[in-house]
Amino acid sequence: MDLVLQVNGRSRRVVADPRVTLLDALRENLGLTGSKKGCDHGQCGACTVHVDGRRVLSCLTFAAAAEGKHITTIEGLAPQEGDLHPMQQAFMDHDAFQCGYCTPGQIMSAVACVTEGHAETDADIREYMSGNLCRCAAYPNIVDAIKQAKPLMRERDA
């Protein structure tokens, strides 16, 4: 099957089986390996990307279902030139990662947490982020990073 995916602001052609997941199309066909294959069952959040501005688990999404939609991966989060995205910088500032395997998915979910209005309290953040697992237990630092990035993201998008 021939697909044209809009990934990180660029049209990308993919030739794949109709059953291929968005995660596999991104990693195997397009070489975008930032999204991780953790559980491959939608239980860990390591594969989180944005489709039309909303977070999705790319391991549970068919690539064909994403055709014609705007897909953003961790590789496309920051501007082409210049600084990191405020959430990426906040994760660094708060040491909100250890091994780093879950970090791309955590950051993509954290951005959605703020943009979708779920970052009002620590409890709200923890609830929204509960679908993203971190085996290194960086959870308190992740909450702190989201709180730091929230006003910077709102200021940037204003």
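Let me spell out the model: positive unit charges on the Cβ of Lys and Arg, negative unit charges on the Cβ of Asp and Glu, origin at the Cα centre of segment 82-158. What dipole size does that give, in debye rounded to 20?
Computed about the Cα centre, the dipole is about 160 debye.
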**Q.** ³J(HN,Hα), Karplus 6.51/-1.76/1.60, whole Hz, each residue of segment 144-158, x for Gly, Pro
**A.** 4, 5, 4, 5, 5, 6, 3, x, 5, 5, 5, 5, 5, 8, 6
Q. Leaving out ligands, DNA and RNA, what percent of the accessible area of the chain is carbon and sulfur, probe 1.4 Å?
A. 49 percent
Q | Extended-chain gain in nm, criterion 0.36 nm per residue less alpha-carbon gap, Thr121 and Leu60 | A | 19.1 nm
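If you place +1 on the Cβ of every Lys and Arg, -1 on the Cβ of every Asp and Glu, and leave all else neutral, what size is the dipole of the chain about its Cα centre, to the nearest 20 Debye?
300 debye
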**Q.** Rotationally averaged projected area of segment 115-158 (alpha carbon convex hull; nm²)
**A.** 3.2 nm²
Q: Read phi for every residue in segment 29-44 and hand back ³J(HN,Hα) as whole Hz from Karplus 6.51 cos²θ - 1.76 cosθ + 1.60, θ = phi - 60°, with x for Gly and Pro.
A: 8, 10, x, 8, 9, x, 6, 9, 9, x, 9, 6, 10, x, 10, 10
Q. Percent antiparallel among DSSP beta bridges with both residues in the chain, to the nearest 5?
A. 85 percent
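Could you estimate the translational diffusion coefficient of the chain from the Stokes-Einstein equation, with Rh from the Kirkwood formula over C-alpha pairs, at 25 °C and 0.890 mPa s, in whole µm²/s?
Answer from the Stokes-Einstein relation: 156 µm²/s.
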(Q) Suppose all protein chains stay in the model; what accessible area per residue would a 1.4 Å probe give for segment 1-78, in Å²? (A) 49 Å²
**Q.** For Thr61, distant residues with modelled amide H under 5 Å away
**A.** Leu22, Leu23
Q. For segment 20-100, treating each Cα as an identical point scatterer without solvent, what Debye log10 I(q)/I(0) comes out at q = 0.18, 0.22 1/Å?
A. -0.79, -1.10
Q) Full extension from Asp17 to Met1: what is 0.36 nm times the residue separation minus their Cα-Cα distance, to one decimal in nm? A) 5.2 nm
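The values are calculated or read from the model by the stated rules, or taken from the named source; none is laboratory data. Because the structure is predicted, anything quoted here is derived from the model rather than measured. As a convention, Cβ positions derive from the backbone with ideal geometry for all residues, glycine included, and neighbour counts pool all protein chains shown. Surface accessibility is based on the protein's heavy atoms, side chains included, excluding ligands, DNA and RNA. Shrake-Rupley method; radii C 1.70, N 1.55, O 1.52, S 1.80 Å.
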